[in-house]
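Enquirer: Take a look at the following structure, please.
The values are calculated or read from the model by the stated rules, or taken from the named source; none is laboratory data. This is a predicted model, so every value here is computed, not measured. Please note: Cβ atoms are built from the backbone with ideal geometry, for glycine as well, and neighbour counts cover all protein chains shown.
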Amino acid sequence: MADMAFHPFHSFVIDLNTSVIVLWVYIVLLLAGGLMGFLKAGSKISLITAAAFALPLALCARATIPMYPIAPILLGLLALVFALRYSKRRKFMPTGLMAVVTTLTLIIVCWIYSTAAATLPVVRH
């Protein structure tokens, strides 16, 4: 314990698996929101857009395609879309909430990646 450097979050185990869990939770929320938009308002575009973004995010979470930089780019685009829709309608539910959740997911995924990447051992050949 004495050789452990001080870190404000030293009690948490933070690794790339944590960003995968965060991403899966976001994917479920995204699909649920698209489904609710379809069921409540008959919006096919909500369902299609949610599925179109959830599929590559799920592929990132499963490590079928590289998570970085694909997931942050997709999350950034979604945050922008939700923020623009919120600015037009000025209704917090559901676009304002999804803008906040998407932005938080983007920050968490990028922070975990930068923290985990900074602590990975350097392999020299």
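Enquirer: If you take the residues of the range 92-105 that are crowded, with 20+ Cβ neighbours inside 10 Å and either of a type in the set (A, V, I, L, M) or under 8 Å from the mean Cα position of the chain (by Cα) (or both), which of them is nearest to P69 (Cα to Cα)?
Expert: T105
Enquirer: Another question, then. From the list I27, I73, I21, exactly one residue is modelled with pLDDT under 95 and closer than 18 Å to L106 by Cα. Which is it?
Expert: Exactly one of I27, I73, I21 is modelled with pLDDT under 95 and closer than 18 Å to L106 by Cα, namely I21.
Enquirer: Here's a follow-up. Residues that are exposed (fewer than 11 other Cβ atoms within 10 Å of the Cβ), modelled with pLDDT of 90 or more, assigned to a helix (DSSP H, G or I) and not β-branched (V, I, T): does the range 30-40 have at least one?
Expert: yes
Enquirer: So which residues in the range 40-55 are under 15 Å from V81 (Cβ atoms) and within 15 Å of the chain's Cα centre (by Cα), if there are any at all?
Expert: Correct list: A50, A51, A52, F53, A54.
Enquirer: I'd like to verify a number: residues in the range 73-91 that are surrounded by 14 or more Cβ atoms within 10 Å (Cβ to Cβ) and either part of a loop (DSSP other than H, G, I, E, B) or under 11 Å from the mean Cα position of the chain (by Cα) (or both), how many?
Expert: Of the residues in the range 73-91, 5 are surrounded by 14 or more Cβ atoms within 10 Å (Cβ to Cβ) and either part of a loop (DSSP other than H, G, I, E, B) or under 11 Å from the mean Cα position of the chain (by Cα) (or both).
Enquirer: Failed condition for T49, given (1) among the β-branched types (V, I, T); (2) farther than 19 Å from T18 by Cα; (3) surrounded by fewer than 15 Cβ atoms within 10 Å (Cβ to Cβ), with all others met?
Expert: Every condition holds for T49 apart from (3).
Enquirer: With the requirement that a residue be in contact with a Leu (Cβ under 6 Å, 6 or more places away or on another chain) and at pLDDT below 95, what does the range 81-125 give you?
Expert: Result: A116, single match.
Enquirer: Let me ask another. Looking at this structure, is F38 touching a Leu at 6+ places or on another chain (Cβ under 8 Å), without any contact (Cβ under 8 Å) to a residue 40 or more places away in the chain, more than 23 Å from V20 (Cβ to Cβ) and not β-branched (V, I, T)?
Expert: So F38 passes the test.
Enquirer: Which condition breaks for S46 when tested against (1) more than 18 Å from V101 (Cα to Cα); (2) assigned to a helix (DSSP H, G or I)?
Expert: (1)
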